[in-house]
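A short reminder: the numbers here are calculations on the coordinates, not readings from a lab. These numbers come from a predicted model, not from an experiment. Here the Cβ positions follow ideal geometry from the backbone for every residue, glycine too, while neighbour counts run over all protein chains shown.
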Amino acid sequence: MEKLVSSWYKDQPLPESYIFPPDKRPGKLLVPKSNTVPVIDLADNRTDIIQQMLKASLEFGLFQVVNHGVPEKIISETRSVFKEVFEMPAEDKASLYSGDPSRCKLITSTSNYDSEKIHLWRDNLKHPCHPLEECIKFWPEKPTRYREVVAAYSIEANKLGSTILELLCEGLGIESGYFEDKLSEKQMLSFNHYPPCPDPSLTLGIPAHCDPGILAILHQGDVCGLQVFKDGEWIGVEPLPNAFVVNIAYQLQVISNNKLKSAEHRAVTNSSDARTSVVLFISPSGDSIIEPAKSLITATNPPLCRPFQSNEFLVNFLPTGKADLALQPFKLKT
Ligand code: OGA
Ligand code: NI
């Protein structure tokens, strides 16, 4: 449990085991934060919102939303209760390390810590959050207000996710409610904590990846770190304290028949400030059939792949983290 970066990082040089190969490092030139990632105001008129979402999803694979309706207080309390988790005495944290990963687990780097060559500069707490009444019993019992605070956050983030999926359906021409049941059945809440890092140019919080599910709704607070790959370069996603970053995940790209693109993104570290991100991952149940939505298919827009079970894709995706490669066996010649 002393492995948690947050427990040992102070006044230490970057250990060798955290140094990425040269082609994967962020390098010396950390890309400055940038204003180019679209920020969509959910108080705008519906038609404009939808058009902006479709454009951003195709060009960037992600966008930010403001005026999203999630009360600021719920966000700030969730962030502070998560901070309290890390400030708890070691014996209180101990039960979380040994947790069942499908229920609730505190880890550092990835769940393959013992076998991986290079560790990630992050600690992570993750648990399912939907349906709430079934999974809340697996959540941390300490801090005592954890369950109440995080439940309120889960409900709000889940609502925001449904709203965004409905807007995307409307924009694409997919029937309303398409994602309502099985396709968004699996919902996980994931807290990333990135302590200040002695050499951010050599390591990463999370290396380049696409999220595999349907949608990720991320709150990054006020510290830079999230970057998206676009047109051959890494662009910083500006931290807006009252915005959520919405990430198109890979199976949504498939369902949209490439009308939406999944963002390739990563998290870099910095030497001065600890950073926390709170992510809701909305994903299909393992037995869901994933295929390009039938309403999108025409003679001129043939399906890019055959139907597959979400689990079949994940089996390919998890060992490599490479979504394109994982989809390969299901692709149709076009
Ligand atoms: C993730 C992720 C980025 C961040 O958890 O999948 O991409 O900014 N996180 O923490
Ligand atoms: Ni991600």
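Comparing Cα centroids, the range 62-91 and the range 276-334 end up 30 angstrom apart.
In plain terms, the residue of 121, 8 with the fewest other Cβ atoms within 10 Å comes first and the most crowded comes last, giving 8, 121. Pairs of Cα atoms nearer than 8 Å and 6+ residues apart set the relative contact order; for the range 28-177 it is 22 percent. The phi-based Karplus calculation (6.51 cos²θ - 1.76 cosθ + 1.60; θ = phi - 60°) puts the 3J(HN,Hα) values of the range 178-189 at 3, 9, 5, 9, 4, 6, 10, 6, 8, 10, 10, 9 Hz, whole numbers, x for Gly and Pro.
In the range 210-282, the convex hull through the Cα atoms has an average projected area of 5.1 nm², a quarter of its surface area. When only the Cβ of Lys, Arg, Asp and Glu is charged (+1, +1, -1, -1), the dipole of the chain relative to its Cα centre reaches about 560 debye. With contacts taken as Cα pairs under 8 Å and at least 6 residues apart, the chain reaches a relative contact order of 21 percent. For the chain, the residue among 310, 245, 69 whose Cα projects farthest onto the positive side of the dipole built from Cβ charges is 310. Judged by the gyration tensor of its Cα atoms, with axes a ≥ b ≥ c, the range 7-100 is oblate; a/c meets the 1.5 cut and b/c is at least as large as a/b. Taking every Cα-Cα distance in the range 5-297 and sorting them into 5 Å bins starting at zero, the pair-distance distribution P(r) comes out as 1, 5, 12, 16, 18, 18, 14, 9, 5, 1, 0, 0 percent. Computed over the chain with a Gaussian network model linking Cα atoms closer than 10 Å, the most mobile of 293, 90, 56 is 90. Projecting label points 7 angstrom from Cα along Cα→Cβ for residue 87 and residue 201 puts them 3.5 nm apart. Going by the alpha-carbon gyration tensor, a ≥ b ≥ c the square roots of its eigenvalues, is the range 126-281 rounded (a/c under 1.5) or, if a/c is not under 1.5, prolate (a/b greater than b/c) versus oblate? It is oblate, given that a/c is not under 1.5 and a/b is not larger than b/c. Among 78, 276, 163, the residue with the largest mean-square fluctuation in a Gaussian network model of the chain, with springs joining Cα atoms closer than 10 Å, is 163.
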